[in-house]
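The values are calculated or read from the model by the stated rules, or taken from the named source; none is laboratory data. Note that the coordinates shown come from a computational prediction; the quantities given were computed from them, not determined experimentally. Ideal geometry is used to build each Cβ from the backbone, glycine not excepted, and the neighbour counts take in all protein chains shown. All accessible areas refer to the heavy atoms of the entire protein, side chains included, with ligands and DNA or RNA removed. Shrake-Rupley method; radii C 1.70, N 1.55, O 1.52, S 1.80 Å.
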Amino acid sequence: MTTPSSKAQGSGVPAPDTAPAPDAAPGSDATSDAVPGRRRWLILAVASAAQFLAVLDMIAVNIAFPAIGADFRSASTADLSWVLNAYTIVLAALLVPAGRLADAIGGRRSFLTGIALFGLASLACGAAPGLGTLIVARVVQGVAAAVLVPTSLSLALPAFPPRERATAVGVWTAVSAVAASSGPVAGGLLAATDWRWIFLINPPVVLLAWVAGLRLLPRTGPVHGERRRLDPLGTLLVLLGTGALTTACVEAADWGYGAPATLGFLAAGLVVGALAVAHVRRHPDPVVDPALFRTHAFTAAALGLLSYFLAYGSALLAATLLFTGVWGWSPAGAGLAVTPWPLTVLVVSMLSGRIVRALGERTAAIVGGLCFAAGPLWWLLLAGGDGAHYAVEFMPGLVLTGLGAGLYQPVMFAAAGLLPARQLSLGSGVLMMSRQGGSALGVAALVVITGGAARPGLDALRAGWVCTAVTAALAAVAGAALRTRVRTDDGGRRGSGTDPIRHH
């Protein structure tokens, strides 16, 4: 349905959630450049702040795990693990339903609700009198993060014209890299004082982001005249299916990969997932519209990100196991040794817009995937058993994987911008689900390859690096499936953009 562009009430800028003309490609200039000038970068800053908080709270709590356990001495390790796993599982399970809800009620409203809920949950975590309260608060944090993460990307992308979206997503990716790299340091420093400060530092940031979002974010909502039907059964099936599969991946290391609980959750997830697929194919307005995957570039991005983050999850864990196990370094030394990776991601992501405009989306994605695959191949050929030559044996591989990540992620996440405005949050949620699912599968795959050993040997890690290189190469293949066209922008320059019109 076509509606004229309208001004967002009180925002002074056109609302991006308007339907494109029938002859316009989703994500084309018909729906772009909605926010002029500096304002679009301020919107990106608000969206990136939410992404930073969501990633930081996932990583920093891992470092503070021993300190939390020291406060709750009566709790078992299995019970304590839910402080970590509750957030991860709920976040993964709710990404798609939360994205669908944001498209139905408006991204701005979802974002402001999600960030406020995240702040309140952080306060509850910091003030938790017991382990049960802390776990419940972490569940609420996961719900809030699931609302924030896809909504933040869907609010930022329409503010930029297509030729600038790789730059915008590059900044968004760079913020994730900063959060990932600073998470261990921040977690360690705060836990040394009191682990509760990991959560209590969030509310001031949340308050600033909420006020800025209230002033800056465009008012969005459903397309005028279009009513979205609810799909409670589909939402429940997606929630249960992704929740069961994520639980199986996250808990398998503790339960055992052949344990009845692991196999039961895995089987339940697969069965419910099959039911969900059958349901969305029949429902008139399903929680996940199958039409999303008729956009060739979006499907390639979803599959590519799944493969890429599978490689990412296994590579990061393998590096940690090598440093702390085979080489016998301290956790602090291991954290410092892996720093070249996120620093390279940060630098390359900030430059990704220029690189993508020079190479084209498809070439940038292929080069990114192959660079990431080259990292574990470097370690496979050169990494020795003592770490004496880290600068030659291992660090170049970290730089290669960081270079690959900085090139690959902006292109693939920007594929959400190829979708109609009414499906931006849902599409972002699907891509984030690929990220979360791939990371969990990558960790699980490496644990299986290394036999579940707490300190696997170098030969076992080498087998893991082979798997990592293969999955990264598959991500490059998915990048090759993007179709690139050349267009002239308003200034007469020639730039490349991914053609969203190619269907299966």
Query raised in the report: Of (1) open to solvent by less than 30 Å² (accessible area, probe 1.4 Å); (2) in contact (Cβ under 8 Å) with a residue 12 or more places away in the chain; (3) part of a helix (DSSP H, G or I), GLY333 satisfies all except one. Which?
Result: (2)
Query raised in the report: Being over 30 Å from GLU164 (Cβ atoms) and either touching a Gly at 6+ places or on another chain (Cβ under 9 Å) or surrounded by fewer than 24 Cβ atoms within 10 Å (Cβ to Cβ) (or both), is that true of even one residue in region 420-441?
Result: yes
Report task. Write out, first by first residue and then by second, each pair whose Cβ atoms fall under 7 Å of each other, whose residues are 6+ apart or on separate chains, and whose first residue, in region 80-93, is farther than 13 Å from GLN436 by Cβ while the second is among the basic types (Lys, Arg). Result -> VAL83/ARG138; ALA86/ARG138
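Quick one: which of ALA391, ALA373 is in contact with a helix residue (DSSP H, G or I) (Cβ under 9 Å, 6 or more places away or on another chain), part of a helix (DSSP H, G or I) and either open to solvent by 20 Å² or more (accessible area, probe 1.4 Å) or within 29 Å of ARG354 (Cβ to Cβ) (or both)?
Values: ALA391 fails: in contact with a helix residue (DSSP H, G or I) (Cβ under 9 Å, 6 or more places away or on another chain).
None of the other options fit; the residue is ALA373.
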Requested in this report: Name every residue in region 58-93 that is in a helix (DSSP H, G or I), open to solvent by 40 Å² or more (accessible area, probe 1.4 Å) and not polar (S, T, N, Q), in order of residue number.
Outcome: MET58, ILE59, ILE63, PHE65, PRO66, ALA70, ASP71, ALA78, ASP79, TRP82
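Out of the residues in region 339-366 that are among the β-branched types (Val, Ile, Thr) and surrounded by 19 or more Cβ atoms within 10 Å (Cβ to Cβ), which is farthest from ALA415 (Cα to Cα)? Write out each step before concluding.
So the first thing to find is which residues in region 339-366 are among the β-branched types (Val, Ile, Thr), and the list is 339, 344-345, 347-348, 355-356, 363, 366.
From what is left, the residues that are surrounded by 19 or more Cβ atoms within 10 Å (Cβ to Cβ) are 344-345, 348, 355-356, 363, 366.
Numbers: THR344: 23, VAL345: 19, VAL348: 19, ILE355: 17, VAL356: 13, THR363: 15, ILE366: 15 Å.
That would be THR344.
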Requested in this report: Confirm whether LEU400 is open to solvent by 40 Å² or more (accessible area, probe 1.4 Å), assigned to a helix (DSSP H, G or I) and not β-branched (Val, Ile, Thr).
Outcome: yes
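Specify the residue that is farthest from ARG455 (Cα to Cα); the eligible residues are those in region 302-319 that are touching a Ser or Thr at 6+ places or on another chain (Cβ under 6 Å) and of a type in the set (A, V, I, L, M, F, W, C).
Of the residues in region 302-319, the ones touching a Ser or Thr at 6+ places or on another chain (Cβ under 6 Å) are 302, 305-307, 309-311, 313-315.
Filter once more, so that each one left must be of a type in the set (A, V, I, L, M, F, W, C): 302, 305-306, 309-311, 315.
On the way: ALA302: 33, LEU305: 29, LEU306: 27, PHE309: 23, LEU310: 21, ALA311: 20, ALA315: 15 Å.
Among them, the one singled out is ALA302.
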Query raised in the report: How many residues does region 95-123 contain that are more than 18 Å from PRO203 (Cα to Cα), of a type in the set (Val, Ile, Thr) and within 18 Å of the chain's Cα centre (by Cα)?
Result: 1
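Looking for something closer than 16 Å to GLY429 by Cα, out of contact with any strand residue (DSSP E or B) (no Cβ under 9 Å at 6 or more places or on another chain) and assigned to a helix (DSSP H, G or I) - is there at least one such residue anywhere in region 306-324?
Start the filter on region 306-324 by keeping residues that are closer than 16 Å to GLY429 by Cα, which leaves 306, 309.
Imposing the further condition that a residue be out of contact with any strand residue (DSSP E or B) (no Cβ under 9 Å at 6 or more places or on another chain) reduces the set to 306, 309.
Those still in the list that are assigned to a helix (DSSP H, G or I) too: 306, 309.
Checked against the condition, which is being closer than 16 Å to GLY429 by Cα, out of contact with any strand residue (DSSP E or B) (no Cβ under 9 Å at 6 or more places or on another chain) and assigned to a helix (DSSP H, G or I), region 306-324 yields at least one hit.
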Query raised in the report: Could you list, in sequence order, the residues of region 274-303 that are under 29 Å from TRP82 (Cβ atoms) and either among the β-branched types (Val, Ile, Thr) or open to solvent by 30 Å² or more (accessible area, probe 1.4 Å) (or both)?
Result: ALA274, LEU275, VAL287, VAL288
Requested in this report: Enumerate the pairs (first residue in region 188-209 and closer than 15 Å to CYS125 by Cα; second residue anywhere and open to solvent by 90 Å² or more (accessible area, probe 1.4 Å) and in a helix (DSSP H, G or I)) with beta-carbon separation below 6 Å, excluding pairs fewer than 6 apart on the same chain, so at least 6 apart or on different chains.
Outcome: LEU190/TRP197
**Report entry** Residue within region 181-197 that is at pLDDT 80 or above, open to solvent by 50 Å² or more (accessible area, probe 1.4 Å) and assigned to a helix (DSSP H, G or I) present
**Finding:** yes
